Amino acid sequence: MRLLFHTAPPMLPTGYASQASLIIPRLAALGHEVAISATACIESHQSKWRNFRIYPKTPYADFGEDVVSGHYRDFNADLVVTFLCTWVLNPAAWRDLRTIHLTPVDCEPMSVRDYGVIVNSGGTPAAVSKFGEAQMRARGLEPLYLPHGVDTTVYRPPDDREALRKATGLDGKFVVGMNFMNNDKFRKNIPEQIRAFAAFHDTHPGSVLALHSIAALPEGYNLPALVRHLGIERAVLFSDQYQLVTGMTGPDALAAWYGTCDVILECGNEGFGLCRLEAQACGTPVITGDWGTGPELNSYGYKVPGDLVYNDVHQADWHKPCTAELAAMLGKAYEDRGDYELRASVRQFAEHWDIDAIIKEHWAPVLEDIDG
C-alpha cells in the first residue's frame, strides 16, 4: 500500500514525531510505500527524512489541512493516517480521502470534539490504548486497535546503573524524575506533581527532582519560579537547557536519564503516555493516576486516585491527582529503592510494547486486511 502519514516530521523532539520515527521505517520494511504530510515546521518546501519524502504544510492553515488532499493525490496514496490530536482537525478536509484517524483518547467519556471529527469526516477511528478503545466503543464507534510502542533496544536498563549515577553526581540520592513538554498548563498536572514532591522532600531531604523539560515557555509554566515558590530550588535538577531547546537530546541520552532515576512521576491525562513505557523499559517504575491509561501502562501498582475536573472543550472529565496520596506513594517508592528484582520486572512488563512486536501483531494484520 501507499501510505501517507499526516503527522509531525519524525526528526522533531515530540511524542508524535518520535512514534512516527519508529512506525514509518518498519512499515516500509513490510513493503509499503510511505510518505509524510507535515503538520508542523516544514513549510512551503519538500524535505526528506531517511529517504522518506516529507510534503510541506503552508503558512496559511494550521496542521497542513489545506494541502493534504493535494499531497494525497500527488503521492497516489491508498490511505492517509492522521497522527496528531484528532479534535483539532476540520472534518471537511478528510471527507474525500481514505483515512484512519489514529486517536489518543485522554478523557472520559471520549471527547465530543474527537468524536465529531471522526463521524463527520467519514474516517476510520483507531485507538492507541485499550482505554481509548473502550471509550470509543462506548460512543458507538468500532475502532481499530493500533497501540504505540517503544524501541526496547534503545530504552533499556543501563549497563552499570551505579556507575552512571555516580558519574552524574546522584550517588546516594533518591531521584524522582519528570519528563514532559512544558507547553500545557492543564492536561499534565505539572504543579500538582511538583507540589507532591515538595511535601515528600520535607521528610526526605536526600531526594532530588530531576526535570527533563524546558524550564520556561510562554504556553507553559515558569518552572524555576514554581520551584522557588515551593522552596525546593536546591533539590531540583534541570536537564541541559541548550540540548533541550535545540532538540539535540537523543534517545540514548534520554534512556540514560531514565536509568538514573528511582521513580518517574507520570500523573497527567495521557492519550497513551510514551514516557511511562520508556521509563519502564529502562527499569524505572512509574507513578501514574488510577484513571485513563494509567493502570494499563503501569507495571507495579504505583497508582494514585484523582479528583474529577470538567473540561469544557471536550465536554468530558480529566483528573487531578491528590497531592497527599501522591506524596505518600513517593514514600512507598522510596522504601522500594534499590530493589533490582522490581526493576527487572518493570523492564519485562515494558517489553510487551516493543515496537517490532507492535508492528507485527497489530499494524501488519490491520494493513493487510485493509489492502485485501
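Listed values, structure above:
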{"item": "Test for Gln280: is it assigned to a helix (DSSP H, G or I) and either surrounded by 21 or more Cβ atoms within 10 Å (Cβ to Cβ) or touching a helix residue (DSSP H, G or I) at 6+ places or on another chain (Cβ under 6 Å) (or both)", "result": "yes"}
{"item": "Scope the range 259-273; condition outside any loop (DSSP other than H, G, I, E, B) and in contact with a strand residue (DSSP E or B) (Cβ under 7 Å, 6 or more places away or on another chain); matching residues", "result": "Thr260, Val263, Ile264, Leu265, Glu266"}
{"item": "Residue within the range 112-129 that is in a loop (DSSP other than H, G, I, E, B), in contact with a Pro (Cβ under 7 Å, 6 or more places away or on another chain) and more than 30 Å from Ala253 (Cβ to Cβ) present", "result": "no"}
{"item": "Qualifying residue in the range 172-185 (condition: buried (at least 19 other Cβ atoms within 10 Å of the Cβ), within 22 Å of the chain's Cα centre (by Cα) and of a type in the set (Asp, Glu))", "result": "no"}
{"item": "Test: residue in the range 60-80 that is more than 30 Å from Trp291 (Cα to Cα) and among the polar types (S, T, N, Q)", "result": "yes"}
{"item": "Condition broken by Arg347, with the remaining ones in (1) touching a strand residue (DSSP E or B) at 6+ places or on another chain (Cβ under 6 Å); (2) in contact (Cβ under 8 Å) with a residue 60 or more places away in the chain; (3) basic (Lys, Arg) satisfied", "result": "(1)"}
{"item": "Residue within the range 261-270 that is at pLDDT 95 or above, farther than 22 Å from His201 by Cβ and surrounded by 15 or more Cβ atoms within 10 Å (Cβ to Cβ) present", "result": "yes"}
{"item": "Any chance Gly132 is assigned by TED's automatic domain parsing to the domain that holds Arg228 and under 19 Å from the mean Cα position of the chain (by Cα)", "result": "no"}
{"item": "First in the range 189-202 and under 27 Å from Asn311 (Cα atoms) and in the same structural domain as Ala328 (by TED's automatic domain parsing), second anywhere and among the aliphatic types (A, V, I, L, M) and assigned to a helix (DSSP H, G or I), Cβ under 6 Å, 6 or more apart", "result": "Ala196/Leu326; Ala196/Ala327"}
{"item": "Residue, surrounded by the fewest Cβ atoms within 10 Å (Cβ to Cβ), within the range 303-339, restricted to residues that are among the aromatic types (Phe, Trp, Tyr) and in contact (Cβ under 8 Å) with a residue 40 or more places away in the chain", "result": "Tyr334"}
{"item": "Entirely in the range 301-372, the helices (runs of 4 or more DSSP H) that have 2 or more residues that are at positive phi and small (Gly, Ala, Ser)", "result": "none"}
{"item": "Selected residue (only one of Asn76, Asn51 is more than 22 Å from the chain's Cα centre (by Cα) and either within 24 Å of Asp356 (Cα to Cα) or of a type in the set (A, V, I, L, M) (or both))", "result": "Asn51"}
{"item": "Residue in the range 151-170 that is assigned by TED's automatic domain parsing to the domain that holds Trp318, touching a Phe, Trp or Tyr at 6+ places or on another chain (Cβ under 8 Å), more than 27 Å from Ile24 (Cβ to Cβ) and not in a loop (DSSP other than H, G, I, E, B) present", "result": "no"}
{"item": "Qualifying residue in the range 93-103 (condition: surrounded by 15 or more Cβ atoms within 10 Å (Cβ to Cβ), within 25 Å of Ile36 (Cα to Cα) and within 15 Å of the chain's Cα centre (by Cα))", "result": "yes"}
{"item": "Selected residue (criterion: surrounded by the fewest Cβ atoms within 10 Å (Cβ to Cβ)) from residues of the range 22-65 that are polar (S, T, N, Q) and free of Cβ contacts under 8 Å to residues at least 12 places away in the same chain", "result": "Asn51"}
{"item": "Count of residues meeting criterion [within 20 Å of the chain's Cα centre (by Cα) and more than 18 Å from Cys267 (Cβ to Cβ)] in the range 310-347", "result": "2"}
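Here is a yes/no grid of residues against (1) at pLDDT below 95; (2) under 25 Å from Pro285 (Cβ atoms); (3) among the hydroxyl-bearing types (Ser, Thr, Tyr):
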position: Asp96; (1), (2), (3): no, no, no
position: Gly140; (1), (2), (3): no, no, no
position: Pro143; (1), (2), (3): no, no, no
position: Thr152; (1), (2), (3): no, yes, yes
position: Pro158; (1), (2), (3): no, yes, no
position: Leu164; (1), (2), (3): no, yes, no
position: Leu170; (1), (2), (3): no, yes, no
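The values are calculated or read from the model by the stated rules, or taken from the named source; none is laboratory data. For clarity, every value in this text was computed on a predicted model and none was experimentally measured. Please note: Cβ atoms are built from the backbone with ideal geometry, for glycine as well, and neighbour counts cover all protein chains shown.
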